[in-house]
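Taken together, the values in this text are just the output of simple stated rules run on the coordinates, not laboratory data. For clarity, every value in this text was computed on a predicted model and none was experimentally measured. Positions of Cβ are generated from backbone atoms using ideal geometry, with glycine treated the same way; all protein chains shown enter the neighbour counts.
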Amino acid sequence: CHDWNGKLHEFGSHWRSEDCYDCSCARDGISCCSSFATPVDYDEEKCVSIFNKETCTYKVVEKNDHSKECPVHVWVG
């Protein structure tokens with residue numbers, strides 16, 4: 001299988017993309033899904049979500065003080 005960057009992967013192989021998607025190669029093609037949960041229910045006026053590509057995780061923090069985390073009521077992924 002060739003991924004969207006043109007890299008060749010063997011049938012039966014698994015990898016994580018640079019955008020934090022877990023992918024696999026089978027004879028019928030490539031399948032990918034997100035390896036992270038996305039915050040969807042939090043105070044968007046007061047807080048902002050920040051994605052860390054190194055850890056493949058989101059952190060939700062106050063817009064005015066990134067050292068203060070905000071509560072998240074629902075995550076999807």
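The table for this structure:
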read-out	value
Options V74, S34, F11, ranked by Cα towards positive dipole end of the chain, top entry (Cβ charges)	F11
Net lengthening on full extension, S24/D43 (0.36 nm per residue, minus Cα-Cα)	3.3 nm
Directionally averaged shadow of the chain, computed from the convex hull of its alpha-carbon atoms, nm²	6.1
Cysteines not pairable in the chain (beta carbon separation under 4.7 Å absent)	C33
Contact order normalised by residue count of the chain, Cα under 8 Å, 6+ apart, percent	23
Radius 14 Å from Cβ of G77, net charge of other residues (Lys, Arg +1; Asp, Glu -1)	-3
Cβ-placed point charges (K, R +1; D, E -1), dipole of the chain about Cα centre in debye, nearest 20	180
Residue-span extension gain [R16 to V74] - 0.36 nm each, minus C-alpha spacing	18.4 nm
Computed lengthening from K7 to F51, 0.36 nm per intervening residue step minus Cα-Cα distance	13.3 nm
Theoretical FRET efficiency, 1/(1+(r/R0)^6), r = Cβ-Cβ of V61 and S34, R0 25 Å, to 0.05	0.75
